[in-house]
Amino acid sequence: MRRRKLPPIVTKLSESENQTVWRVELPPNGSGFRSTYRATTYPNSDLVFVETWVKKLKSSNKKVVEVMRAHLAGGDRPGEV
């Protein structure tokens, strides 16, 4: 029996006129643990800054960027009224 693929969890942490900070939890990988990242997006820009949740190290995780762009395209765009 195939397991159902879990969706990523995106939570808005804070929003200002300059940026919006998100918590992005990716589905469990082979180890069974979710990977958690902090993503910062900017109004009127496709730029997504990604860092690891615990050590706050810059990350180039393309999956987080894809998840955030899809989430923003779905309507939760910072800076829009």
- line: Per the filter on segment 7-28, residues in contact (Cβ under 8 Å) with a residue 60 or more places away in the chain and over 12 Å from the mean Cα position of the chain (by Cα) are E15, E17
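Give the residues of segment 29-46 that are under 15 Å from V64 (Cβ atoms) and either in contact (Cβ under 8 Å) with a residue 60 or more places away in the chain or out of contact with any Pro (no Cβ under 7 Å at 6 or more places or on another chain) (or both), sorted by residue number. Give the steps one after another, and end with the answer.
Filtering segment 29-46 for residues under 15 Å from V64 (Cβ atoms) gives 29, 34-41, 46.
Of everything in segment 29-46, those that are under 15 Å from V64 (Cβ atoms) and either in contact (Cβ under 8 Å) with a residue 60 or more places away in the chain or out of contact with any Pro (no Cβ under 7 Å at 6 or more places or on another chain) (or both) turn out to be N29, S35, T36, Y37, R38, A39, T40, D46.
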- request: Test each condition in (1) over 14 Å from the mean Cα position of the chain (by Cα); (2) among the basic types (K, R); (3) closer than 15 Å to H71 by Cβ for R4 and report the one that comes out false.
  value: (3)
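Does segment 46-75 hold any residues that are outside any loop (DSSP other than H, G, I, E, B), more than 20 Å from P7 (Cβ to Cβ) and not hydroxyl-bearing (S, T, Y), and which are they?
Within segment 46-75, the first condition is being outside any loop (DSSP other than H, G, I, E, B), and the residues that meet it are 48-52, 58, 62-73.
Now restrict to residues that are more than 20 Å from P7 (Cβ to Cβ): 49, 51-52, 58.
Answer for segment 46-75, where residues must be outside any loop (DSSP other than H, G, I, E, B), more than 20 Å from P7 (Cβ to Cβ) and not hydroxyl-bearing (S, T, Y): F49, E51, K58.
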statement: Pairs returned, first residue in segment 57-81 that is within 14 Å of T40 (Cβ to Cβ) and surrounded by 13 or more Cβ atoms within 10 Å (Cβ to Cβ), second residue that is small (G, A, S) and at pLDDT 90 or above, beta-carbon separation under 6 angstrom, 6 or more apart or interchain, are V64/A39; M68/A39
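Conditions tested, residue by residue: (1) under 23 Å from R4 (Cα atoms); (2) surrounded by 14 or more Cβ atoms within 10 Å (Cβ to Cβ); (3) β-branched (V, I, T); (4) at pLDDT 85 or above.
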residue: E15; (1), (2), (3), (4): no, yes, no, yes
residue: S31; (1), (2), (3), (4): yes, no, no, no
residue: S35; (1), (2), (3), (4): yes, yes, no, yes
residue: R38; (1), (2), (3), (4): no, yes, no, yes
residue: T41; (1), (2), (3), (4): no, yes, yes, yes
residue: N44; (1), (2), (3), (4): no, no, no, yes
task: Name every residue in segment 54-70 that is at pLDDT 90 or above and closer than 20 Å to S16 by Cβ, in order of residue number.
output: M68
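The values are calculated or read from the model by the stated rules, or taken from the named source; none is laboratory data. The model shown is predicted, which means the values in this text are computed figures rather than measured ones. Methodologically, a virtual Cβ is constructed for each residue, glycine included, from the backbone with ideal geometry; neighbour enumeration extends over all protein chains shown.
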